[in-house]
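Working notes for the structure below.
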Amino acid sequence: MVGLSVGEKQFIQGGIAQDLRTDGRKRLTYRPIFIETGVIAQANGSARVKMGQTHVIASVKAELGRPSSSAPDKGKVSIFVDCSATAAPQFEGRGGEEVSMELSAALRQCLLGGKTGAGAGINLSSLSIVDGKVCWDLYIDGLVISMDGNVLDALGAAIKAALSNTGIPKVNIASAATSDEQPEVDVSDEEFLQFDTTAVPVIVTLTKVGRHYIVDATTEEESQMSSAVSVSVNRQGLVCGLTKRGGAGLDPSVILDMISVAKHVSEQLMNKLDSEIAAAEAMEED
């Protein structure tokens, strides 16, 4: 928890009301974003993202697996987040486990469309190799290194950058198999297919403080929130997922307005991430 005096709370709330936050930003302005790709050599793809003092890492590992019986023509994606004990004082000991579970669930909702898979930002069909027999299983791991607010958006950006950095080995079917047999596959060590991130959305969290909402809230600003809504929006401006936290209820009209604002902000964030990812990959090649 953030310990603030009454005066500090009023200063934060008053600045947001006047569209001038404590660090000089406007309500809908992000902190500087830094992206570095290829930070974990053993992974198929990885990235580090810094938003202000919030630092996270995401990695992607691809392994051969068997499709589920309910979706024989699709691969599988697992997302798990771990919070370093040094990321925030409340994470010491086992304090970060609950936050890790909440972040993992929120990312699955925003990127994979929840349990139904509707609106999924990752095309699971592209991970199928042989229907009902062989597919790619993607294991996406996120690590929160330090936290100063807006960690869900930062993790979403890191996953998008890591997927953009991901190379999936080319697979050849070595032999045909009967309906009861598992086919033999030959996985290339030299040829890789770039993972398509065209449909992968960005996550925009709008934090409501008083009568206004802000993006990229710091920890101090989050301590003054009544609620927060996270919206994942793809490149076409379509909403892929939505999650809410905070005890205060929201009128449906407010939620619709927040979604509209999130869609507007997502276009700017998408362009910024595209630029930073391209710069990071160019630096990695050099």
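Odds and ends about this structure:
- Against the chain, whose longest principal axis comes from its Cα atoms, helix 96-112 is set at around 70 degrees.
- Computing Kirkwood radius over Cα pairs in Å directly from the structure and comparing it against (1) 23.4; (2) 19.3; (3) 20.0 singles out (3).
- Each Cα pair under 8 Å and six or more residues apart adds its sequence gap; the mean of these over the residue count of the chain is a relative contact order of 21 percent.
- Rel. contact order, % - alpha carbon contacts under 8 angstrom, at least six apart, region 152-286: 20 percent
- A 1.4 Å probe run over the chain, with the rest of the protein chains in place, finds 50 Å² accessible per residue.
- Highest-fluctuation residue, Leu112, Leu193, Leu206 considered, GNM on the chain with Cα pairs under 10 Å: Leu193
- Distribution of pairwise C-alpha distances over region 142-272, 5 Å bins, in %: 2, 9, 16, 16, 14, 11, 8, 6, 6, 5, 5, 2, 0
- Surface composition of region 3-145: carbon plus sulfur atoms contribute 53% of the solvent-accessible area (1.4 Å probe, protein chains only, all chains present).
- Seen from every direction in turn and averaged, the convex hull around the alpha carbons of region 144-203 projects onto 6.7 nm².
- Average Cα contact separation per residue, region 42-201, under 8 Å, 6 or more apart, as relative contact order %: 32 percent
- Angle of helix 6-17 to the longest C-alpha principal axis of the chain, folded into 0 to 90 degrees and rounded to 10: 70°.
- Anchor Lys263: aspartates and glutamates whose Cα lies under 12 Å away (excluding residues fewer than 8 positions away in-chain): none
- Residue separation of Ala85 and Lys263 scaled by 0.36 nm, minus their Cα-Cα distance, works out to 60.7 nm of gained length.
- Angle between the chain longest axis and helix 252-285 axis [Cα atoms, degrees, rounded to 10]: 60 degrees
- Within the same chain, lysines fewer than 8 places from Lys9 are excluded, and of the rest, those with a Cα less than 18 Å from its Cα are Lys26, Lys208.
- Alpha-carbon Debye profile of region 35-82, log10 I(q)/I(0) at 0.15, 0.24 Å⁻¹: -0.55, -0.91
- Surface share of carbon and sulfur [accessible, 1.4 angstrom probe, percent] for region 187-284: 52 percent
- Averaging 1/r over every pair of different alpha carbons in region 1-110 and inverting the result gives a Kirkwood radius of 17.7 Å.
The values are calculated or read from the model by the stated rules, or taken from the named source; none is laboratory data. What you see is a predicted model; the values in this text were computed from it and never measured. Protein only, heavy atoms only, side chains kept; ligands, DNA and RNA dropped before computing areas. Shrake-Rupley method; radii C 1.70, N 1.55, O 1.52, S 1.80 Å.
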